[in-house]
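A.B. asks: Quick one: the structure is below, and I'll ask about it shortly.
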Amino acid sequence: MNKTGKMIFQILLILFFSLYISKYTVTDNENKKILTEKAILEYEQDLKEGKDITSKNYQIKEKNYNNKMSNLGRSLSKVIEKVFNKSFDTMIKYLNYLRDNE
């Protein structure tokens, strides 16, 4: 592979991972601000009745799913994240080494 090909491959790889990770961030943020149909109807009804309108009245209350299994899953996820990050950093360093030493 020539230097140009390696550089294009590195750029595409970085773009892929950036887009892949940002997809989850955007989805999570959008899900947090979406109102349910019921909340929208309640808002419209309260608006017609002239009640005090605050966003807290219409936000979906998050359920608490904390238990031993979810805590274990979260811990395992953190370990996997650390391994992935270390592997990804090593791969990038290796690709840079290949690029620089050709």
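A.B. asks: Going through the range 1-33 one residue at a time, which ones are modelled with pLDDT under 65, farther than 17 Å from residue 96 by Cβ and among the aliphatic types (A, V, I, L, M)?
C.D. replies: 26
A.B. asks: Any residue in the range 68-89 that is touching a residue at least 12 places away in the same chain (Cβ under 8 Å) and within 30 Å of residue 2 (Cα to Cα)?
C.D. replies: Yes, the range 68-89 contains a residue that is touching a residue at least 12 places away in the same chain (Cβ under 8 Å) and within 30 Å of residue 2 (Cα to Cα).
A.B. asks: Return the pairs, sorted by first residue and then second, in which the second residue is in a helix (DSSP H, G or I) and at pLDDT below 85, the first residue lies in the range 33-46 and is within 19 Å of residue 62 (Cβ to Cβ) and of a type in the set (Asp, Glu), the beta carbons are less than 9 Å apart, and the residues are 6+ apart or on different chains.
C.D. replies: From the range 33-46, the pairs are 42/57.
The values are calculated or read from the model by the stated rules, or taken from the named source; none is laboratory data. Values in this document were obtained by computation on a predicted structure and should not be read as measured data. Note that each Cβ is placed from the backbone with ideal geometry, even for glycine, and that neighbours are counted across all protein chains shown.
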